[in-house]
Every structure is written in C-alpha cells, then in structure tokens.
1. In the stretch 84-95, is there at least one residue being among the hydrophobic types (A, V, I, L, M, F, W, C) and surrounded by fewer than 15 Cβ atoms within 10 Å (Cβ to Cβ)?
2. Only one of (1) closer than 21 Å to Arg105 by Cβ; (2) aliphatic (A, V, I, L, M); (3) outside any loop (DSSP other than H, G, I, E, B) fails for Ala53. Which number is that?
3. Out of everything in the stretch 29-81 that is free of Cβ contacts under 8 Å to residues at least 24 places away in the same chain and on the phi > 0 side of the Ramachandran plot, what residue ends up being surrounded by the most Cβ atoms within 10 Å (Cβ to Cβ)?
4. Among the listed residues Val9, Val13, Val41, which satisfies the condition of being modelled with pLDDT under 90, within 14 Å of Phe125 (Cβ to Cβ) and not charged (D, E, K, R)?
5. Which of the helices (runs of 4 or more DSSP H) contained wholly in the stretch 84-189 include at least 3 residues that are among the hydrophobic types (A, V, I, L, M, F, W, C) and at pLDDT 85 or above?
6. Would you check if there is a residue in the stretch 53-67 being under 20 Å from Val2 (Cβ atoms) and among the small types (Gly, Ala, Ser)?
7. For the stretch 60-107, which residues satisfy the criterion of being of a type in the set (S, T, N, Q) and closer than 17 Å to Glu127 by Cα?
Amino acid sequence: MVAVIECIVNQNVRDAGAARSAALSWDALSLCHAHGVGLLVMPCPEIACLGPARQRAPGVSIATALRADHGVQGCAALARAVADRIQASLDAGTAVLAVLGGNERSPGCAVHETTQSGALPAGVFMEALQGELRRRGLAIPFRGLRDAAPALLAEDLDWLRALLNGQGVQGDQAGAAACRAGPTPASNS
C-alpha cells in the first residue's frame, strides 16, 4: 500500500488554479495499479483545517494560516489519524511502501528530500506526519509528487517505479526489504 495525498486521486480538491490535470494524477496511480498496490488516501490538510473554501482572513496566505496555532493543531490531529490508519494497516500485515506528498510549494503537503539553506519548509501536515511516524518508530519513505514541473515529476515517478519494482530507493531509511516485509502483492499490499 502507498499513502497518497487526496489531490493525487482528485485534482478538484486543489486550490483554484493549482490542478495539474483534469481529474486525477494518472501517472502515479497507474503505476500503483500495475503493481497491485493499494492506496491509503490522506485527506487534504488545507480543507481539513481551513474548510473547502480555505477560509482565512483577507491578505493571509494558506501557508500562514496553516502555520498558525489552529492550522498546526489541525495538521497534528490529522497526522495522528493518518498514522493510526498506517499503524492499523501494518498491524493487519499490509506493507506500507511510501507516503506520497505534493509539490515543493504546497503549504500542507510539500516534501523535501534534504534540508538546504534557503529551501522552502516542508508542508505543515507532512512535517507533522513524519514526526508522528518517527515517534512510533515507523521508517516509511516520503516523496513529493512534483507535478508542477514535468522533469521533476518524471524523477518522482522513476523513484516510485523503482520502489514498486522492489529495487529499493536511494535514501530509503527502511530499505527495500523492510518496505516489502509483509504480505505478497497478491494478498495485502
């Protein structure tokens, strides 16, 4: 199984003008489908914390609203709920291969491979989820699906393809064997 942000399966939840396709991110979903890997769809943190209209005071960005106390608390609660589902899946014998986040500028779901001077911060929800999984001793690789830039998305899809092919992933803390430890693809992945 792969945990994915909601907008990968439904681009319509993205903020106005942010959708990159008409309905869903078929490239990533088709890879999972071809490998018999199921999806755990994580709710959009912007909608969970700010509502469908992403309500906030005039002049306040979504990023600022999510980094305010209410947004941080909402993302932390959402991270605990998602981590509970991941833990339940693992306890049931389902391998959780990765957590797929969003574009580098996503205020809730950005995933960055390394911390660089001047780099944008990771999304509030992804930071909270990484921390919650780490607290539980779960080493699941995170990767952004950077569909705002075709070349970066191609890199991300190559990473996902390698992971799903069982070839491991450079920088994968758990290693391919640990990611695949669990049921065979014919049963519960």
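The values are calculated or read from the model by the stated rules, or taken from the named source; none is laboratory data. Here the structure is a predicted model, which is why all the values come from computation and not from measurement. Here the Cβ positions follow ideal geometry from the backbone for every residue, glycine too, while neighbour counts run over all protein chains shown.
1. yes
2. (3)
3. Gly51
4. Only one candidate qualifies: Val13.
5. Per the criteria, 124-135, 150-164.
6. No, there is no match, as no residue in the stretch 53-67 is under 20 Å from Val2 (Cβ atoms) and among the small types (Gly, Ala, Ser).
7. Those that are of a type in the set (S, T, N, Q) and closer than 17 Å to Glu127 by Cα: Thr64, Gln73, Asn103, Ser106.
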